[in-house]
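Report on the following structure.
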Amino acid sequence: MNDFAFGNRIFAMRTQLHLSQAELARELGVTNKAVSKWENGKAKPSTNVIRKMAALFQMDVNELLTLKEGARKMQITKIVITGGPCAGKSTAMSWIQNAFTQKGYAVLFVPETATELITGGVAPWTCGTNVAYQKCQLKLQIEKEKIFEQAARTMKGDKVLIVCDRGTLDNRAYMTAAEFAEAVQFIGSNEVELRDSYDAVFHLVTAAKGAQEFYTTANNVARTETVEQAAALDDKLISAWTGHPHLRVIDNTSSFEEKMKRLIGEIASFLGEPEPYEIERKFLIEYPDIKWLESHPSCQRIEIIQTYLNSPTGEEVRVRQRGIDGNYIYFQTTKRVVSGMKRVEIEKRLSQAEYLKLLMDADTTRRQIRKTRYCLTYENPYFEIDVYPFWNDKAIAEIELSNENDVIAFPDEIRVIKEVTDDEAYKNASLASTL
């Protein structure tokens, strides 16, 4: 969830001078992307750039850096509702509107880009190639989201929920790996940046998996898949989003109404309505078959560096660098335990500069934790398997649940040694202290 307070100041000053992002970037000697990140609350300019900006805006440097006393801070959250064909996304949007408007949110919906393009005559079969179409869809999706974020910053309420009817990573399910790489390069981005630009992702499983009698193509002119194709596409979509720090899969094990209620409950829990509870179970497992994990279509490898900060008694505060292949995002997490498996967890997205600054407050009695995380979606549950460089015979598997009594089905390839949910010795904080 991005804090747009500083970005709002830059946006307001820029528009007062009738400057576009590109024009401001040229004046300051930076890229358009840098200005966009400032205004979206994802980064802040360097001190030298702030001096140039203050001169351009004819402001005192301290005035620019210091928000006015009592200035309103907005909570703008951007989530994705995705899923296979005929999963209930259209109905879900109505439920989300009703539920979160009542909770005081301004709820904005970014329409499904593929449906807009296909009904307008722009489709994979009308463009020269599939990748040519996917480039168009990806670029339009990003531009639409920017417009909704810009509009959100002008609204009077303090809580805005932007709901994307599919996100940028949905495109990946319709492309080969080579086509996806070409499309991402075309827009000047990378997979980590695209995937983790959303605060949370909620996948609704297609009716073709577990509710075949309700599967239909009649209510969407852009839907052409058979039941078998829909089920296969659903798996590809889950695979595309696997690796996101907050992915939830809502299946068809209950009635459709209960499915919608579970979705609303998951979103409410993520938003902290009333508190962001996370129910987590942790297992010590035998060292996993890395080749099997890396070859699994619904598994994604993530590199993590985790540093614990000095924190008050009863709280645990850490910062984390998360990503792959030189593309990283940064978070600060504060945890307060409620019971053995239930805890309050508050997570804040950081810019790289904020992350580096917080590292100066590292708890020097603990070492950094470096680990390779394999995010695996298996029969809907979302496993996080952490492989540590100091263990060659074991690893840790975690799963987040909506109910403490949920039954967990592990893949045959994962061999459980024992549950360690309440064992302090296997918590990252303890591992950091005992290395």
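The values are calculated or read from the model by the stated rules, or taken from the named source; none is laboratory data. All of these numbers come straight from a predicted model, not from anything done at the bench. Here the Cβ positions follow ideal geometry from the backbone for every residue, glycine too, while neighbour counts run over all protein chains shown. Each accessible area value is taken on the protein alone, full model and side chains, heavy atoms only, with ligands, DNA and RNA left out. Shrake-Rupley method; radii C 1.70, N 1.55, O 1.52, S 1.80 Å.
State whether the residues of the stretch 194-209 include one that is out of contact with any helix residue (DSSP H, G or I) (no Cβ under 6 Å at 6 or more places or on another chain) and surrounded by fewer than 20 Cβ atoms within 10 Å (Cβ to Cβ). No, because not a single residue in the stretch 194-209 is out of contact with any helix residue (DSSP H, G or I) (no Cβ under 6 Å at 6 or more places or on another chain) and surrounded by fewer than 20 Cβ atoms within 10 Å (Cβ to Cβ). Quick one: is Lys357 farther than 30 Å from Lys236 by Cβ and loosely packed, with under 15 Cβ neighbours inside 10 Å? Yes: the conditions hold for Lys357. Scanning the stretch 135-193 for residues that are among the charged types (D, E, K, R), surrounded by 16 or more Cβ atoms within 10 Å (Cβ to Cβ) and in a loop (DSSP other than H, G, I, E, B) returns Arg153, Arg166. When the stretch 276-298 is filtered for residues that are modelled with pLDDT of 85 or more and open to solvent by 20 Å² or more (accessible area, probe 1.4 Å), the ones remaining, listed by number, are Arg281, Glu286, Tyr287, Asp289, Ile290, Lys291, Trp292, Glu294, Ser295, His296, Pro297.
Let's see how each residue does on (1) modelled with pLDDT under 90; (2) farther than 30 Å from Lys209 by Cβ; (3) among the basic types (Lys, Arg):
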position	(1), (2), (3)
Ser402	yes, no, no
Glu413	no, no, no
Asn428	yes, yes, no
Leu435	yes, yes, no
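Restricting the stretch 117-134 to residues that are touching a residue at least 24 places away in the same chain (Cβ under 8 Å) and in a helix (DSSP H, G or I), which is most open to solvent (accessible area, probe 1.4 Å)? Applying the filter and picking the extreme gives Thr119.
For the stretch 88-134, filtering for residues that are in contact with a strand residue (DSSP E or B) (Cβ under 7 Å, 6 or more places away or on another chain) and not aromatic (Phe, Trp, Tyr) leaves 14.
For the stretch 18-40, a residue qualifies if it is in contact with a Ser or Thr (Cβ under 9 Å, 6 or more places away or on another chain) and of a type in the set (Gly, Ala, Ser), and exactly one does: Ala25.
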